[in-house]
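One structure is given here, and the rest of the page talks about it.
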Amino acid sequence: MTESFGNDQWQERVVSCEEALKCIRPGMKIFLGTGVAEPRSLVKCLMSSAATNLQDLELIQLVSLGDVITMKELQTQKFRLKTFFSGWVASEAITQGHVDLIPSRFARIPGLIESKQLPIDAAFVQITPPNEAGYCCLGVAVDVARQAMEQAKFVIGEINTRIPRTFGDTFVPVSDFDMLVYSDDPPIYFERWPVDEVFDQVAANVASVIEDGSCICFSIGPIYEALSRHLVHKRGLGIHTPFFTDALMDLMKSGAVTNRNKGVYRGKALTSYAFGSRELMTWLDRNPMVEFQGIDTVFNPVQIGRNPCFVTVIPARKVDLSGRIALHTGKGNVTASPGEAVDFINGAELSEGGCAIFALPSRNRRGEANIWLSVEKFPNLFSLRESVDMVITEYGVANMRGRTVRERAQALIDIAHPDDRQSLFEEAKAEKILYQDQIYLPECAHLYPAEIATKHTFKGGTEVRFRAIRPSDEEEMRRLFYRFSDKTVYYRYFSPIKVMPHAKMQQYVTVDCNKILSIVALVGPSEQEQIIAEARFVKDSRRPYADVAFVVDEKYQGVGIATFLYDMLIRLAKERGLHGFTADVLASNKPMMKVFEKGRHPIQATLSQGAYELTIPFDEDKKQAGS
């Protein structure tokens, strides 16, 4: 039975930091609160004290984000820090041998403590002042504090009046603490990350593949800061994330987050840690919409997988043409190693409609390529390429799921920096990753019209995405061709073509952007999208006209896709200075003729040998032509 305290009785346990540390003995294993919840006054006193009992201590902290435990203090050999996290300030110390890293899945850490495989003698935990009922709140970090407190022989609570009271598995009776100290130190606040144009475009591309109703996982950094801005127009989003930030606060304020589609903690944003500004901490105080739970819950892949359409977005440092990922290292990095990311990746694999996205700029800040032939020599390697669903840069989205290494390589080259694509292409050919007769048009690297991408919902509720064709669309275009009936093939190509080999199709999808504009229409989840239509115009070298052609999967005919593509091509042709279209249509192809006839521009038709030769000038519309 929990010992109860009156309103003032708990104050009898309040001592100075120096007095509290007298209970520590050499060789003790001390758990320190994590991240923003680091008990800074206690740790500062521990670091600066010359007391003879504070020797040969083993400090255990899941994530070290503060400025108290420094390299200088670690080099004194009075303390040894053990951590499960290789990022942020711990990275340099681990490399130099001053910090011990325990590789582990985060979801397994509570079990290590409970089983006493990781013994703990004392626990230093940051808390709020007790409320009227005698309960303190763990505030903004609920990881393994409960397990540590249960195993420790001696527990010190550091009372900080400036940390928010949060809801969830956060309340502990003040009687659980052997001693209490007051903190004069403010919590650790983090400024918001600046976002440049490149990171903003990366985030925009990530947002483009996140559907309404998805459950998302965030961390800290410029991609996440920008991503929240691009998600504000989504609907019914959910949050299941290790780290709650200012960016997520903004997203919840926008109304895009309802948490109503989640499978666990429905109606609540679930997290273990908060990192951010003073404004965030104020907003979190007594906020019933944010639920703090331990990492045994938040990092549990089974729990994560119960959320439909769970999307984890992970910043990558480098990626190679097979889909292997080099993760970030050093300060500023939170998603530091495969051990810290794999729980959420596994959760995405278990989630119905789930997806693991790796996002990065095509080049780093020094102008060096981030997409390589191989990343096996880089540290912090995530080699489970089978679990990589998408790689996203500012130049687009590369779908990895279900693709061959050759198809992955082509897709990644398409989203590399334009100045890096030719060298990647040549390296991939030399390694026989790409076909030896593969075509590449270097002069078109900077001409890809990414800005034309759009989407539209047609009758029946079918949402279709449109973008310019890419060389990596070869396999999907071949699949589209083989879904066509003989009649559709004849209507499109004017001959009974039976096969579409690589050599022929790669010429079709590798377009000279100076002469050809080709648009593909796609349906399905972004990581499994399927091409269902293609339309293009080819400029006439003799006059400002272009020849236009369409083809639509028979399953999707009759809903207006061809008409939408036609209108889109007219607009884009006008923007490029063209004065009109020409087209050849078989007289028996009445659906295609209807598309042209419904257009706002008049057509001039000449019938010759069973086919109409159409001319469609843009300089007048039908109303003008009939007046």
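Derivation of every value follows stated rules applied to the coordinates shown; laboratory data play no part. Here the structure is a predicted model, which means the values were calculated and not measured. Ideal geometry is used to build each Cβ from the backbone, glycine not excepted, and the neighbour counts take in all protein chains shown.
Below is a table of values for the structure above.
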| item | result |
| --- | --- |
| Assigned charges on the beta-carbon of Lys, Arg, Asp, Glu; the chain dipole about Cα centre (debye) | 1680 debye |
| In nm, spacing of pseudo-spin labels at Lys78 and Thr563 (7 Å Cα→C-beta vector) | 8.0 nm |
| For segment 450-626: span of alpha carbons on each principal axis (Å, largest first) | 47, 36, 35 |
| Calculated FRET value between Ser495 and Ser423, using beta carbons and R₀ = 41 Å, to 0.05 | 0.60 |
| At R0 = 25 Å, FRET efficiency that the Cβ-Cβ distance of Thr52 and Glu12 yields, to 0.05 | 0.35 |
| Links that overshoot a 28 Å alpha carbon limit, given the list Lys455/Lys515; Lys234/Lys590; Lys459/Lys594; Lys539/Lys598 | Lys234/Lys590 |
| As computed over the chain, the Cα convex hull volume per residue (Å³) | 168 Å³ |
| Additional length obtainable on full extension of the chain from His446 to Tyr482, 0.36 nm per residue less Cα span | 9.8 nm |
| Percent breakdown of C-alpha pair distances by 5 Å bin, ordered from the shortest bin, for segment 176-243 | 3, 14, 20, 18, 13, 8, 6, 6, 6, 5, 1 |
| Unit charges at the beta carbon, dipole of the chain: most positive-side option, Met500, Pro103, Phe275 | Met500 |
| Under 5 Å, built H, 5+ apart or other chain: amide partners of Cys309 | Glu352, Gly353, Gly354 |
| Estimated FRET transfer efficiency (Thr457, Ser374; beta-carbon r; R0 35 Å; 0.05) | 0.25 |
| Point-to-point label distance, Asn514-Lys432, nm (Cα→Cβ direction, 7 Å offset) | 3.5 nm |
